[in-house]
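Any read-out appearing in this document is the output of simple, stated calculations on the displayed coordinates, not a laboratory observation. Worth saying up front: this structure is predicted, and the values here are computed from it rather than measured. As a convention, Cβ positions derive from the backbone with ideal geometry for all residues, glycine included, and neighbour counts pool all protein chains shown.
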């Protein structure tokens, strides 16, 4: 719009304002029409002067308002005609004749955001319009910021069915900018299941009249590259309340989603790994002394439920941790803080659910906001190592037991060699007796090693030796040559070896000289568990019958010495032997040692 310069009245030789009527001037009626348009315009109009109208943005230090219409006066809170002659700098917060959004001052001093357009002729006319807060920030810089953020704008017109895309939106979707596609065009590039989901989201938002957002995968037009896009939209309604269209923004979030999925994948793998490793994950916030338990395993280790809540450092050290372990755990925490190292601590805690003491290993790292500043939190893991510690203790005991047994076995072998050599009449008899005794010893050790608690069944030791001479099941009350009768008794390793050797000698003597040397001979073995001793008293009886007539031995062989000395020394047994003509008898009373519970794998 051009400015309205003053005109000269030629007939009277005076200058007239824009509001003066000029008589006898043929252009007077035209000027009146222009004046009326100027005054009644629905926007604010101001004619200003300036040094150089050709330079956009020239600071108007000496610019003044030559004329202003009623709309501008009302907009700025001035009376009609009050703006004429006022310096423009009195109205502008930052004086400028440039176009765009500017902040002006009203008559009461309050700021007002306006949009300014300018028209330059012999004067400069400013068109001034009030704008709302949203429009005040909608500048070209904002549009550039949207593009920099990867946001493209779109608009859907229900009447035409077309989606209008900004340049950035067109780049994201692979379509030219402008009204270039329909929803049908777009939906063909989205999976059918995704399309149905999107339709439901939009339908619910439209029914509620609220904004909506969703993510989906889309095949770009042109290169068919699959991208992940994020859509935000807002339904637009007409004056009659019906849907007129939609507006929104679109963003390519492929990289962000892939990074997010990769992070979630790593977190999931970490959780699976810690779950398989039976590790609890925790965070301890030091300033608040507040703990966050990241997985269910933490609650299982401490025997707590979610309703019980977590445990902070104070409660952990003063109530849950075993008193004997508190000093060591505090020292480990202090050292990790002082040396900025990984925390390693071990201690016993009392589990809330059953009151049992459990041994835990804890490892963690203190996190600092900046170097040389106090850490704010500790992130770490906890493992319940109670069972592992028990297993390690059992293993240590078993190794000691093995060492002790090997020494005893070597001593037994040495005794067997010496005694067999002294009683053998030939190399053949030495070999036969020596091999038999060594094999008996091996059988006993086999029975011991088959049991993880390192015990041997008395019945099993008897069956291993007597089975070659049996003709049936060896059950009590049968017609077999050999009968076994007694309750199940497991012998600890320290007495199983000498008792096994004794059974071997009894069997060997019976096969060579006693009841088992004839077809009609019989052997009955009975045993009982009587009160007494650390774990009861074993009464063991060996009875031979129907064999050759028995006579007391003229000399004491290895078997006799073993029965008398080894059983007495190693088993602390009382042994009584009898040699009546009808058959040899042996009775043994031996205290059973109490078994070490630490060797029990079930505890």
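Test of understanding: what is the full-extension gain from residue 268 to residue 400, defined as 0.36 nm times their sequence separation minus their Cα-Cα distance?
Details: separation 132, 0.36 × 132 = 47.52 nm, distance 4.41 nm.
This chain segment gains 43.1 nm when fully extended.
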Modelled label-to-label distance, residue 574 and residue 257, 7 Å Cα→beta-carbon offset: nm? 8.9
Return the FRET efficiency for the residue pair residue 117, residue 192: r is the Cβ-Cβ distance, R0 is 45 Å, and the value is rounded to the nearest 0.05. 0.35
Which value, to two decimals, describes the C-alpha radius of gyration of the range 459-511 once divided by 2.2 N^0.38 Å? 1.16
If the chain between residue 428 and residue 340 were fully extended at 0.36 nm per residue, the gain over the current Cα-Cα distance would be 24.2 nm
Show me the ranking of peptides 457-465, 514-522, 232-240 by mean Cβ neighbours inside 10 Å, starting with the highest. 457-465, 514-522, 232-240
Which value, to two decimals, describes the C-alpha radius of gyration of the range 263-383 once divided by 2.2 N^0.38 Å? 1.06
Theoretical FRET efficiency, 1/(1+(r/R0)^6), r = Cβ-Cβ of residue 86 and residue 29, R0 35 Å, to 0.05: 0.70
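Please report 435, 202, 525 as a ranked list, fewest other C-beta atoms within 10 angstrom at the top and most at the bottom. Don't jump to the answer; show the numbers that get you there.
Working: 435 11, 202 17, 525 23.
Ordered by Cβ neighbours within 10 Å, fewest first: 435, 202, 525.
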For the range 145-200, place one equal point scatterer on every Cα, skip the solvent, and apply the Debye formula. What is log10 of I(q)/I(0) at q = 0.12 Å⁻¹? -0.30
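Given 0.36 nm per residue, what is the gain on full extension from residue 277 to residue 587 after removing their alpha carbon distance, in nm?
Values: separation 310, 0.36 × 310 = 111.60 nm, distance 5.53 nm.
Taking residue 277 through residue 587 to full extension adds about 106.1 nm, to one decimal.
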Send over the semi-axes of the range 140-252's equivalent ellipsoid, whole angstrom and largest first, taken as the square roots of 5 times the C-alpha gyration tensor eigenvalues. 21, 18, 14
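Please give the peptides 295-302, 67-74, 181-188 ranked by average Cβ packing (other Cβ atoms within 10 Å per residue), highest first, as a rough proxy for protection. Mind showing how you got there, number by number?
Values: 295-302: 18.2, 67-74: 20.6, 181-188: 14.5.
For the peptides 295-302, 67-74, 181-188, the packing ranking is 67-74, 295-302, 181-188.
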Using r as the Cβ-Cβ distance of residue 463 and residue 353, and R0 as 56 Å, what FRET efficiency do you calculate, to the nearest 0.05? 0.75
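Using the reciprocal of the averaged 1/r over all distinct C-alpha pairs, how large is the Kirkwood radius of the range 218-262 in Å? Walk me through the numbers before you get to the answer.
Working: mean 1/r = 0.0781 Å⁻¹.
Hydrodynamic radius (Kirkwood, Cα only) of the range 218-262 equals 12.8 Å.
I need 256, 358 ordered by Cβ neighbour count within 10 Å, fewest first.
Details: 256 14, 358 19.
Going from least to most buried by this count: 256, 358.
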Cut-off 17 Å, label 7 Å out along Cα→Cβ of residue 388, residues of the range 316-358 by amide N: 343-349, 358
